[in-house]
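Asks: Sharing a structure here in structure tokens format.
The values are calculated or read from the model by the stated rules, or taken from the named source; none is laboratory data. Treat the numbers as computed from the prediction; the structure is a model and nothing was measured. Glycine gets a Cβ as well: all are built from the backbone with ideal geometry, and neighbour counts include every protein chain shown. Heavy atoms of the whole protein, side chains included, go into the accessibility calculation; ligands, DNA and RNA do not. Shrake-Rupley method; radii C 1.70, N 1.55, O 1.52, S 1.80 Å.
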Amino acid sequence: MGDAILRIDSILCVRAEEAGSDDVRIRRDGLHVWPSSGDGFPMPNGASVVIAKDFFFGGASDTVISLWDADELSADDPLGSVTISASEAGTGSHTKDIIGPGSHYKINYHVGAIQF
């Protein structure tokens with residue numbers, strides 16, 4: 001039985017939603033997955049950060065990765081999302097744009113196949 005695993009390599013802030021920087025959080029299928037502290041990671045325009053985090057598809061055909069700007073006094077602001085497919089396994093590295101209201105990020109990732 002085979003499955004796929006997603007590796008998020010890095011994200012790049014092309015344009016932050018807020019002046020100065022966004023405090024970025026990553027959610028996978030609606031659940032917070034990065035950074036582990038739960039605080040947002042500051043990302044000004046032009047900044048990139050290595051994520052190097054793996055996620056099993058668990059038999060699902062795709063997964064949704066979304067970015068959020070962490071706000072202390074109000075609800076987090078959505079920065080956009082992308083859907084990544086398990087069928088991309090073995091096709092090398094990919095970059096997708098994550099575009100939200102007033103923001104633009106790039107996510108670098110690859111999908112691998114695992115055999116049980």
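Asks: So, in the stretch 7-37, how many residues would count as being more than 16 Å from A47 (Cα to Cα), of a type in the set (G, A, S) and open to solvent by less than 60 Å² (accessible area, probe 1.4 Å)?
Replies: Here the count works out to 1.
Asks: Right, another one. I need a count of the residues in the stretch 50-74 that are more than 12 Å from the chain's Cα centre (by Cα), without any contact (Cβ under 8 Å) to a residue 40 or more places away in the chain and closer than 30 Å to A19 by Cβ.
Replies: Residues that pass the stated criteria total 3.
Asks: Continuing with the same structure: Can you tell me which condition D71 does not meet? The list is (1) open to solvent by less than 60 Å² (accessible area, probe 1.4 Å); (2) at pLDDT 95 or above; (3) of a type outside the set (A, V, I, L, M, F, W, C); (4) farther than 27 Å from Q115 by Cβ, and all the others hold.
Replies: It fails just one condition, (2).
Asks: In the list S81, S93, S48, which residue meets the criterion of being modelled with pLDDT of 95 or more, in contact with a strand residue (DSSP E or B) (Cβ under 7 Å, 6 or more places away or on another chain) and open to solvent by less than 70 Å² (accessible area, probe 1.4 Å)? Before you say what the answer is, go through the steps one by one.
Replies: Values: S93 fails: open to solvent by less than 70 Å² (accessible area, probe 1.4 Å); S48 fails: open to solvent by less than 70 Å² (accessible area, probe 1.4 Å).
Checking each option against the conditions leaves just S81.
Asks: Something else now. Would you check if D77 is touching a residue at least 60 places away in the same chain (Cβ under 8 Å) and over 16 Å from I8 (Cβ atoms)? Can you show your working first?
Replies: Working: touching a residue at least 60 places away in the same chain (Cβ under 8 Å): yes; over 16 Å from I8 (Cβ atoms): yes.
Here the answer is yes, as D77 does meet what is asked.
Asks: With the requirement that a residue be of a type in the set (D, E, K, R), within 29 Å of A113 (Cβ to Cβ) and more than 14 Å from the chain's Cα centre (by Cα), what does the stretch 2-38 give you? Reasoning before the result, please.
Replies: Residues of the stretch 2-38 that are of a type in the set (D, E, K, R), as a first pass: 3, 7, 9, 15, 17-18, 22-23, 25, 27-29.
Next cut, within 29 Å of A113 (Cβ to Cβ) only: 3, 7, 9, 25, 27-29.
Within the stretch 2-38, just D3 meets the criteria.
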